[in-house]
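Remarks on the structure that follows.
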Amino acid sequence: MPRPSVREQLVEAAMECFHERGFNGTGIQDIARTAGVPKGSVYNHFENKEALASEVMDRYAASRRLEMLGDENLPPVSRLRAHFDYLAADLERFSYGRGCMFGNFGGELANQSDTMRGNVDSRLNLWTSAVTQVLEEARAAGALTVSLTPGQLGQFLVNAWEGAVLRAKVTRSRAPLDDFFNVFDSFVA
């Protein structure tokens, strides 16, 4: 009888470890121990730590709930604000100490791994595109009156959010997120 796959346990454990300690601060043994499996199990399911981290980023991306941005039951600006509110609440659950995995991996690995840098960049680009789409809807509805194009503002909002999250991680406080929301409300509300 074949043994059950522990792949799911490994991905969940890696997500926890990477988010808490970073890519370089997490060893394969840490992941295996957290998953409650032998170290060799990791290599039965993943070619290397980068392959596991790529799957973790897929899982993390899904947890960011970009589908909220497409919910046409809410006006575009309310939808966008709800999305960032959701992200802020997720950061608060960990007392602002974990930050955003995309930002964490980007800051840690951009000069170390072209694969990981590309993975982070593509996910940030997908998020920026989703934010830009909502801003285009807001502009069409007359709710966006700033002179910036939706693309410029979408790029700015994602970049500003990532900076605010990093600052919240450093200060372990919500204040940088509140600063983000104050500017967001002046641009978009």
Item to check | Highest-MSF residue in the chain out of Leu124, Leu109, Leu148 [GNM, Cα springs under 10 Å] | outcome: Leu148
Checklist entry - What is the distance, in nm, between label points placed 7 Å from the Cα along the Cα-to-Cβ direction at Tyr86 and at Glu8? => result 2.2 nm
Checklist entry - Where in the stretch 36-75 is the amide nitrogen less than 13 Å from a point lying 7 Å along the Cα-to-Cβ axis of Gln29? => result 39-40
Checklist outcome for this item: Shape descriptor, the chain: equivalent ellipsoid semi-axes (Cα gyration tensor, sqrt 5λ, whole Å, largest first) stand at 34, 17, 15
Checklist entry - Given charges of +1 on the Cβ of Lys and Arg and -1 on the Cβ of Asp and Glu, with all other atoms neutral, how large is the dipole of the chain about its Cα centre, in debye to the nearest 20? => result 460 debye
Item to check | Folded to 0 to 90 degrees: helix 114-140 orientation relative to the chain principal axis, Cα | outcome: 30 degrees
Next on the checklist: I want to check the label-to-label distance for Ala175 and Ser95. Put each point 7 Å from Cα in the C-beta direction and report it in nm to one decimal.
Outcome noted: 1.7 nm
Checklist outcome for this item: Tilt, helix 7-21 to longest principal axis of the chain (alpha-carbon atoms), in degrees rounded to tens, equals 60 degrees
Checklist outcome for this item: Per residue, accessible area of the stretch 6-115 with a 1.4 Å probe, heavy atoms of protein chains only, in Å², comes to 47 Å²
Checklist entry - For the stretch 115-189, rounded, prolate or oblate, judged on the Cα gyration tensor with a ≥ b ≥ c (square roots of eigenvalues), a/c < 1.5 rounded, else prolate if a/b > b/c? => result oblate
Next on the checklist: When 1/r is averaged over all different Cα pairs and the result inverted, which Kirkwood radius in Å belongs to the stretch 91-155?
Outcome noted: 13.6 Å
Next on the checklist: Given points 7 Å out from each Cα along the Cα-Cβ axis, report the Gln112 to Val146 separation in nanometres with one decimal.
Outcome noted: 3.4 nm
Item to check | Gap separating the Cα centres of the stretch 1-44 and the stretch 121-158, nearest whole Å | outcome: 37 Å
Item to check | Surface share of carbon and sulfur [accessible, 1.4 angstrom probe, percent] for the chain | outcome: 51 percent
Checklist outcome for this item: In order over the stretch 105-110: 3J(HN,Hα) from phi, Karplus 6.51/-1.76/1.60, θ = phi - 60°, whole Hz, x for each Gly or Pro, gives 5, x, x, 7, 10, 4
Next on the checklist: Which one, Val134, Ile31, Phe181, is farthest towards the positive end of the dipole of the chain when Lys and Arg carry +1 and Asp and Glu -1 on their Cβ?
Outcome noted: Ile31
Checklist entry - Counting Lys +1, Arg +1, Asp -1, Glu -1, what net charge surrounds Cys100 among other residues with beta carbon under 11 Å of its beta carbon? => result +2
Checklist entry - Around Asp30, with a cut-off of 11 angstrom between Cβ atoms, what is the net charge of the other residues, counting Lys and Arg +1 and Asp and Glu -1? => result +2
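The values are calculated or read from the model by the stated rules, or taken from the named source; none is laboratory data. Everything numeric here is computed off the predicted structure, so don't read it as measured data. All Cβ positions, even for glycine, are placed from backbone atoms using ideal geometry, and neighbour counts span all protein chains on display. The accessibility values were calculated without ligands, DNA or RNA, using every heavy atom of the protein model including side chains. Shrake-Rupley method; radii C 1.70, N 1.55, O 1.52, S 1.80 Å.
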